[in-house]
Each structure stands twice: as C-alpha cells, then as structure tokens.
Amino acid sequence: MVGYDIVVIGSGPAGLAAAASAYKEGVKSILIIERDRELGGILQQCIHNGFGLFYFTQDLTGPEYATRFIEKVKENGISYKLNTMVLDITSERKIIAINKEEGLLEIQAKAVILAMGCRERTRGSINISGTRPAGIFTAGMAQRFVNMEGYMPGKEVVILGSGDIGLIMARRLTLEGANVKMVLELLPYSSGLTRNIVQCLQDYNIPLYFNHTITKIYGRDRVTGISFAEVDIKDKRPIAETEKEVACDTLLLAVGLIPENELSKKAGIEIDPITNGPVVNDRMETSVEGIFASGNVVHVHDLVDNVSKESEVAGRNAAKYVLSHKKFPSIKVKTVAGHGVLYVVPQIIHPQKMEEEITLYLRVKDIFKDQRLMITIGTEQNPKPIHSIKRLIMAPGEMQSINLKREQILKGIHVNDAAGIDTGLKLTVYIEAKGERKDE
Amino acid sequence: MYDVVIIGGGITGCSIARELSRYHLKVCVLEKEADLCCGTSKANSAIVHAGYDAKPGTLKAKLNVEGNVMYSRVCKELAVPFKRVGSVVVAFSEEEVADLKVLYERGLKNGVSEISIVNQEELRALEPNISTQAVAALYTKTAGIVCPFTLTIATAENAYTNGVNFFFNAEVKEVRVLAAHNGRFGFLLKTRVGSFESKYIVNAAGLYADLINQKIGGEPFSLIPRKGEYCIFDKDQGYLAKTVIFQVPTKMGKGILVSPTIDGNLLIGPTAQNIEDKQDTTTTEQGIQEIITGAKKSVPSFAMQKTITSFAGLRSVPNTEDFIISADKRVKGLVHAAGIESPGLTSVPAIAKMVREILEEEGLRCKRKRNFHPYRQPIIRFSELSPEKQRRLVRQNPNYGRVICRCETITEGEIIEAIQRPLGARDLDGVKRRTRAGMGRCQGGFCGPRVIEILARELKIPLNQVTKCGRASYALDGKTKDSGLEEKGGWQ
Ligand SMILES: Cc1cc2nc3c(=O)[nH]c(=O)nc-3n(C[C@H](O)[C@H](O)[C@H](O)COP(=O)(O)OP(=O)(O)OC[C@H]3O[C@@H](n4cnc5c(N)ncnc54)[C@H](O)[C@@H]3O)c2cc1C
Ligand SMILES: Cc1cc2nc3c(=O)[nH]c(=O)nc-3n(C[C@H](O)[C@H](O)[C@H](O)COP(=O)(O)OP(=O)(O)OC[C@H]3O[C@@H](n4cnc5c(N)ncnc54)[C@H](O)[C@@H]3O)c2cc1C
C-alpha cells in the first residue's frame, strides 16, 4: 500500500485549489486522483467565458481558469493520476482506486480532501410522462458532446430548466446552428445568473417561459415533440387547459445538480439533507476526522470563484491537520438557516480555533429585494445580533456569501461557555422580515 | 429449409429456441427489433410467481407451478441471477384475511409448496417496513425475483451456441403457406433481411401473435394490450422490501406491488389499463400517481425523490383468458405460444417444453443431441469480484481498469465483452441490458458519451450512427460546425 500525506479526490477547481493551498501550507506529499482524461473537472467543457471575475478580476473561459490552477499544481510537482476512478474510501482514510495501467490501487492518506463535484438530475428524478426515445439529454451531457466530442445532440431543441447550464447551452446550441425553441422553467424565476439570462437568451431571442413545465414526451425512435403547460403557482401542477404541443427532436434537461457523495457515504460521513453534501465545519472538515471536502460536493456553487476560495480553506486546514496533530478544545456553534434562508455552509463553527475570518455561504428560498441578512449568535432563547448586511437583491439562483471575523463571533459568546463542547449555541442567518426591524 | 422458424425474440421465443436446440433440428428465430428482449419481456415485474393466482385447471396454473420449480436449474445453467426471496400477499382488513384463505386453498390446489398464512407479527418480522395497517399475509417461500433481460439474453445466447440462428430487424411481413400434399407442408416467411422456408412455425410474437396468426390464416384469436406502469427507485431504497409485497386482489385489480429487484433497487407498480395501441408504452401522470398511492398503502416510507426512472410494459391479454399454447386447428405446422401474459415469465421453461411436445405430436422428429451444452458463462461483473480477482483481471486485460459507469461500477472490459459476445449488444439499450451501464441513479449521464464512443469503436461506425435502440433512434446528430474544438483556444 502506498501512502500520501494528502489525497485529493477530483481535480475540478475544488480539488486543484485545495491541493495548491495544502502545498503552500507546507505539505509536499500530495496526490490528486481524477477519473477523467484531463485535469480541470467540469470547467474543461465550459468553453464560455464568465469565470474568474472575482478571483482573478479577469473574464476567463472555463479551461483558461482551470489552466491557471493546473499550472500551479504542475509547477509545484504535485502528483496526479488521470483516468483513475476512486471506488471506495474508509473512515480510516484508506482509498481504493483503479486505472488501466496500475490496476487496483490501495492508498493510505493522512488526510483526504473530497472534491468530486456533482451530477445532474435526470428525467427519472422528475418523472416526465410519455415515451422514452433517444434525444433526451441532461444539459451537461449535451455540453460535453458539443464542446469536447464535437457532436451535436440535435437540431430542434427545447430546454427544461433555466439554471445556468440550461441557459449556457441554449446559446451554445444556437451558435452551432440549432434552433432552440424555448426554455421552460417551473418556478416564477430563474435559478440561473441574471447575466446569463440576458447574454444567453435575450440576446438570441429565445423565449423563456416561467411557471411552465413539460407534461409529455413524444416519439418512438427519436423525440418528435413535447407537450408543455403552465403550472399552478401554488401546487406546481400543470393546468390542463394551457397545454400545448411543440415539435422538436431534442430535449435538454437542466433540472438541477446533486452533490456526488456516494464515496462520502461509504466513509460514513454525515450528509446534510438540504445541501446533499457533507456537513462541514469552519475548516471544511467533515464529520469524519481527517476527511475534508469542498466545492460542488459540499453544496452546488454557481460561481467557480467561490469554489476556489472555499477549497483553499479545505486545503490549508487539511495541511494543518497533517502537520500538527495538536488538538485543542473549542466550543461548537451550529449554523442555522433562519427565515428565508435555505441552508448555511459551514454547518459547524469552532470559534476558538477558527481562522481569522470565515466565509459563510448560503442560499435564500425566494427572491428578496432590498432586504437585510441578519446574523445572530447565542442560545435559542437568547440570540445576540452580531452582524447584518443589506442586499439589493437576493435570489435562490445566486449564492450569498458573508465574511465574518473571529472577534465578531467571539463577541457573542461568553468565555466560560468554552467549558463544554456542545453548548447548544447557534449562529442563525435569516432575512429580516420587513417592518419588524428593530434598531441595532 | 428450416425445421422450425420461431417468430419473436422475447423470453417465450428464446426459451423455445433453447429447448429445441437440445435436438438435431434446424431452427431460427426472427425478431423484428434490432436486439433481443425489446418487447414485453423487458418491462414487467420480474417476479417468478409461486402459482396461487391462476384458476386451478388452467394452463396458467399448471405451467406457473411447473415453471417455478424449473427456474433454479435454468438460472444455474445460464448463470442468471435469481433469488427465491419469497412473497407476501398483504391483507389490510378481516375481510381481506378471508380472501387470503381463498388464495391459500387455490395455491394448494395448484400444487404450490411452502405456502402459509402469517399473522401481523410474523409479517413484521419478514417485512419490517410494512404498513402498520397490515393485519396478515399469505406467505410463499418459493416466489422469486430474476433479471428478465439477462434471462432472455442468456437463454438466446445458449440456444445460439447450440446451433440456433437468430435474425434481427427481421419483421415477418408475409407468410405463404406452401401447398400441403403427401403429408408434406411448409411455409415461406418474408422479411426485410430475407426469406425463410420452414416446415413449422412457432408463433411467439408477443402482442403481435394475433396479427401473425391472421397473416397465416389460423383459427382467430385476439390479444388486447394491457398497460402496466412502474417506478424504479435508487438502491438506497432497496431495503424497504425484503420479499415481493402484493396486496389482496380486489374487483379493481391485482393492486400495486412493492418489490426488491435482483440488483437491489426498489420496484413499484404496475397499473392495469386496457389500451388500443400495441406500441403505446408511454408512462402517464395518472398512472404514476396511482402506483405511488398504491405502493404507499403497503410500504409508506419510500422517498419519492429517489425515483430513478419510470417505464411501462404491455401485457398481451388473450380473449380466451388463458395462455394459447397449441397447434393451430386450421393450419398444419403452425404452433402458437401466444397470449403469454403474467405469469408468462415464470412459466416459460414449462411453456418451452410443452411447445416442443406439441411439435412432436405434430410430426416433428426430435432426436436428442449428445453434445448439447446447457451452460453459459456470464459476462464478468467486475464489481462483484474479490479484490484479488479484480487485480488479476486488470493485469490480464487493462480494459477492466477503466470504469465507464460510475453508478454501477461497470468497466470498459465488461462493455466490450457485451458487444463482442454472440448476439452481442448493438446499441445503448443493448449495452445497458447486458451490463447495467446506464441503469443507475444518473441514468447514463456519465457513461452515455463513453458508451457511445465504445460502441462506435467496436462496431466500426461513426459516433452519430450509434442508436439508443436500433431503427432510427440515433443518439446524436451530426458534427458541430467546427467540431467545437477551435473555441478551446489551443488549450490542452
Ligand atoms: C455548465 C456549467 C456552467 C458554468 N458556468 C459558470 C460560469 O460561467 N462562471 C462560473 O464562475 N462558474 C460556472 N460554473 C460553476 C463551476 O464550474 C463549478 O461550480 C465548479 O466547476 C465546481 O467545481 P468542483 O471542483 O467542485 O467540481 P467539478 O468541476 O465537477 O470537479 C469534480 C471532479 O471530480 C472528479 N471525480 C468525481 N468523482 C470521482 C471519483 N470517484 N474518482 C476520481 N475522480 C472523481 C470528476 O471527474 C471531476 O473532474 C458552471 C458550471 C457548469 C456545470
Ligand atoms: C406489466 C407486466 C408485468 C408482468 N409481470 C410478470 C411477472 O412478474 N412475472 C411473470 O411471470 N410474468 C410477468 N409478466 C408477463 C411476462 O412479461 C410476459 O409473459 C413475457 O415477457 C412474454 O414474453 P414474450 O416473449 O411472449 O413476448 P415479448 O417479450 O413481447 O416478445 C415478442 C417478440 O416478438 C417480436 N415480434 C412481434 N411481431 C413480430 C414480427 N412480425 N416479426 C418478428 N418478430 C416480431 C417482438 O418484437 C418481441 O420481441 C408481466 C407482463 C407485464 C406487461
């Protein structure tokens, strides 16, 4: 069995950034394992631009963004294996992987960083009625065909779901000469970035219908058409009278992403039922000691810049874990999604041993205009406000982030709380209900 | 000149082919689709029934019980996964308990062994996730679950190895009855891939057997398609059913079953709706709603968001209300194996034997082959091997070191084998049915592009000629304008 200080599973932006920052922190024995034929993860098929506006303050394509990190990994001489699939990982951080050249590999790691990204939801998971012909693709799969294999999925296209991948593919297929007839969205708003709605649909006159869904698929060999209908805003069920048919030979589904955590489950890692990713603490460590996680495997990100930032935290702390096994106690604070908030990552904070500053990532449940995000800390009965920020607009499709300094958090805690480890302290993030605002 | 032409490459046709391959006979199977198992045999409950359902005295009752007994051996010979998990018919009221007794009596009459009525507590021990409303159940140990695709394909493979020819895309369009004289008779069957002369025809065309019969001029019968819809759930829901869980049949139908599948998923369904179109395997919103509601009655706790796919199959319901397995009364040399609705899958080993006996009665001379080889090697399932064996296999053949399907851990080696085998896979569905690549929770999202690539390479066809299921079901369109690669800006 071979051994490494740190093994990173997945070489998307998360894995690459985590590896690079672990190296910078002083760990040299690092191995990245990637199942695809090149480093870079999903970015390699995202040949559009819009990456790195925050992290590099430059507008890069996906592959360009990936290249910057890949170069860093290569410069540092960090080892990596391509075309290698991780099959199993234990809570003792033993990894089983496989490739053609070396066969079955057994690797012992002192720390592991999970960076497996996510997968797409499929037709099955949303139960669309009708036939089961060829011509139904998830949007990311279609993107791979077009951008990496050089093949078109079809000519006459309907897209279900207005998330970023759906929007990007609407433009991509149009540029390639396909006729994108419409994008349908179940919700009253898009879960994609506003800039993508403008640049990918409006600029090409592709109609976007909110509160609509597909009710039926037709065709025996290839798709020949679909039926779609408006849905009732409340129960999301199609309204029969509004049903219409449209001919098409291709249906793209962009109906959401699910963090890929089959391996995490094998290692016995606790999974958050809302994010579908591991429960992590402020150091991006999972419930299993020595196993860290970052990027889309933890929660689905819309901007790669946040993935990189979050992954540096994971990499740095995995390195610290390897270099000094010192344990010092800290009280544990759970983060809680309050009113209007869907989830908060990390789920656990250890204020006394956290870094100087942490970033909380969260998603809101609805569209909120000109509202305040409030943060309190304390017991259920006695929450103290520690921070609040006004945001002009918050939408479910755009992840929110808040930076908090350690002092801010510590301020809300009594020092003698530190005696116990789980004191029932909670850090709650919520959207202030308008009109109820008290002066701070 | 063939001795026997079998029309239909479903489980019925393939089982008959294998049975006939034990004898010195020239036999072929004509299948209208591009692969085996594209009809009813691919979409059913996959249950090997115990045999208490059918009315005593019917062919269904007899062949079900006989077939059930034969299953262990057939599946062992053909290396097909089969488990006798047992089944329970659950009663939710005292009235229904009375119905259980009727089923129990019928089971005894039909010759079902190891059958008993269990009380609530015993039922809970068998099925910890059963609804608290369940009061008792009819328990049969001999019921089992099987993989219908593997069974059909394995049966055909074995028949092929023993000398049966198979022709695909060979829809029988026209049948000419050659003049019968001097005790000689025969047929000329026309298909797109050629004409076939044969002494006997076995009509195993599933739902279309009535139309084949009409073409030949046999004594009329009719088959009505009755649709059954299903949902399949992720393997992490598989634990919810240990045995096959039925409900007491009511006037409204047989009720919805909840069952583990042989691969560990959870299956719920089917509906039962008579329809007109023999091709209509669409799923419907009402259908799916009905099975969800029905299944919740037995097992309330499955998670809807764990559905991985839904599908529908068509029973061929005969107007005679029993299997039609007989020599045609009007046309000499024509033998039917038609109206094979449920429990058809269970009964096929016995059906095959019966058809051979009928052929013999009709004058076919069946002389046993000494070199009949009943065994079939399965496609290696990499994920099921011990680490030692996995290691050795990759060393011998590195293709087993490349995982193509992440959900089911299927390697390139397995997919290549599925394509290169006798009667190998020719399309995506063919690969899926032989290896399970694409059957997992991501439904081909990850492996689809890779399987298309492997199919194109192995079959030496361009990527965009690869189909999902034969005919014109092309998976991809043409190339992109610039093959998409320019925009990559020299990266790589
Ligand atoms: C279509 C699309 C458009 C986007 N557009 C933008 C945009 O315009 N701007 C922007 O900022 N962001 C964009 N994003 C978001 C951004 O690309 C993602 O958030 C980011 O790539 C996620 O990084 P990751 O490393 O977590 O996951 P990934 O990039 O998915 O990487 C995960 C890697 O892990 C590997 N892996 C998984 N399991 C295993 C295993 N068992 N063994 C070995 N390897 C494994 C995978 O092969 C993959 O390479 C877009 C995303 C998509 C999909
Ligand atoms: C919803 C449902 C649930 C079921 N559940 C069970 C169960 O749990 N247990 C059980 O024992 N049984 C079950 N059954 C029954 C079982 O599935 C069938 O009995 C069995 O699959 C029938 O197989 P077959 O070969 O007769 O028909 P098919 O599989 O339909 O095969 C007929 C073949 O003939 C071909 N064909 C048609 N016309 C022509 C032509 N002109 N030329 C050439 N080829 C032609 C077709 O393409 C097809 O491949 C179920 C059936 C259904 C629909």
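The values are calculated or read from the model by the stated rules, or taken from the named source; none is laboratory data. In this text the structure is predicted, and so the values were computed from the model without any measurement. Don't worry about glycine lacking a Cβ; one is built from the backbone with ideal geometry, like all the others, and counts go over all protein chains shown. The area values use the complete protein model at the heavy-atom level, side chains included, leaving out ligands, DNA and RNA. Shrake-Rupley method; radii C 1.70, N 1.55, O 1.52, S 1.80 Å.
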Net charge near residue B:415 (other residues with Cβ under 9 Å of its Cβ; Lys, Arg +1; Asp, Glu -1) is -2
Along region B:350-359, what does the Karplus equation 6.51 cos²θ - 1.76 cosθ + 1.60 (θ = phi - 60°) give for ³J(HN,Hα), rounded to whole Hz, x for Gly and Pro? 6, 4, 4, 5, 4, 5, 4, 5, 5, 4
Once each part is reduced to its C-alpha centroid, what is the distance from region A:157-190 to region B:1-67 in angstrom? 46 Å
Would you please give the residues with an amide H less than 5 Å from that of residue A:8, counting only those at least 5 places away or on a separate chain, with H modeled from the backbone geometry? A:31, A:32, A:33, A:113
Taking the alpha-carbon centre of each part, the distance from region A:257-327 to region B:217-277 in Å is 42 Å
Between residue A:384 and residue A:266, with labels modelled 7 Å along Cα→Cβ, what's the label distance in nm to one decimal, could you check? 4.6 nm
Asked for the total accessible area buried by A and B (1.4 Å probe, Å², nearest 100), one would answer 5000 Å²
If exposed means trypsin sites (Lys or Arg not before Pro) lying in a DSSP loop and surrounded by at most 14 other beta carbons within 10 Å, then the longest stretch of chain A lacking such sites spans residues A:38-233
Diagonalise the Cα gyration tensor of region A:329-440 and give the resulting equivalent ellipsoid semi-axes, square root of 5 times each eigenvalue, largest first, whole Å. 25, 15, 12
Output wanted: per-residue J couplings in Hz (rounded whole) for region A:265-277, from phi through Karplus 6.51 cos²θ - 1.76 cosθ + 1.60, θ = phi - 60°, x for Gly and Pro. 5, 4, 7, x, 7, 6, 10, 7, x, 7, 7, 6, x
Residues other than residue B:26 with Cβ under 10 Å of its Cβ, Lys/Arg counted +1 and Asp/Glu -1, net out at 0
Say we join alpha carbon atoms closer than 10 Å with springs in a Gaussian network model of chain A; which of A:161, A:219, A:277 then has the biggest fluctuation? A:219
Where both residues lie in region A:122-255, what percent of DSSP beta bridges are antiparallel, nearest 5? 40 percent
Those trypsin sites (Lys or Arg not before Pro) from region B:341-447 that are DSSP loop and have at most 14 other Cβ neighbours within 10 Å turn out to be B:365, B:367, B:369, B:370
Entries in B:367/B:468; A:81/A:265; B:76/B:199; A:100/B:242 that, when Cα-Cα distance is taken, lie over 31 Å: B:367/B:468; B:76/B:199; A:100/B:242
In degrees, nearest 10, range 0 to 90: what is the angle between the Cα axis of helix A:13-24 and the longest Cα principal axis of chain A? 20 degrees
Beyond 37 Å, what share of the Cα-Cα pairs of the protein assembly as shown is found? Please give it as a whole percent. 53 percent
What longest range of chain B stays clear of loop-exposed GluC sites (Glu not before Pro) (DSSP non-H/G/I/E/B, at most 13 other C-beta within 10 angstrom)? B:322-492
Cysteines in chain B that, by Cβ-Cβ distance, have no pairing candidate under 4.7 Å: B:14, B:28, B:37, B:38, B:75, B:147, B:231, B:366, B:407, B:442, B:469
Measuring from centroid to centroid over Cα atoms, what is the spacing of region B:328-381 and region A:13-29 in Å? 65 Å
Tell me the relative contact order for region B:320-393 as a rounded percent, counting alpha carbon contacts under 8 Å between residues six or more apart. 22 percent
Cα-based Rg and Dmax for region A:73-174, where Dmax is the largest Cα-Cα distance (Å): 18.9, 53
Over chain A, with the other protein chains present, what is the accessible area per residue in square angstrom, probe 1.4 angstrom? 40 Å²
Taking a ≥ b ≥ c as the square roots of the eigenvalues of the Cα gyration tensor of chain A, is the shape rounded (a/c under 1.5), prolate (a/b larger than b/c) or oblate? oblate
Considering Cα pairs under 8 angstrom that are at least six residues apart, work out the relative contact order of chain A and quote it in whole percent. 15 percent
Would you mind counting up the charge near residue B:272? Only other residues with Cβ under 9 Å from its Cβ, with Lys and Arg at +1 and Asp and Glu at -1. +4
Kirkwood-based shape ratio for chain B, expressed as Rg/Rh from alpha carbons: 0.98
How many percent of the accessible area of chain B is carbon or sulfur, using a 1.4 Å probe? 50 percent
Under 1.5 on a/c is rounded, so check that first for region B:222-328, then, if it is not, pick prolate when a/b is larger than b/c and oblate when it is not; a ≥ b ≥ c are the square roots of the alpha carbon gyration tensor eigenvalues. prolate
Cβ-based charge dipole, the protein assembly as shown, positive-most Cα from B:169, A:346, B:89: B:169
How long is the gain from residue B:370 to residue B:481 if the chain were fully straight, where each residue apart is worth 0.36 nm and the alpha carbon distance is subtracted? 33.9 nm
At q = 0.11, 0.23 Å⁻¹, base-10 log of I(q)/I(0) for region B:255-383 (Debye sum, equal scatterers on each alpha carbon): -0.65, -1.36
I need the phi-derived Karplus couplings for region B:113-122: 6.51 cos²θ - 1.76 cosθ + 1.60, θ = phi - 60°, integer Hz, Gly and Pro marked x. 9, 6, 10, 7, 9, 10, 7, 4, 5, 4
For a test of the definition: using alpha carbon positions, the gyration tensor, and the 1.5 limit on a/c, classify region B:29-70 as rounded, prolate or oblate. prolate
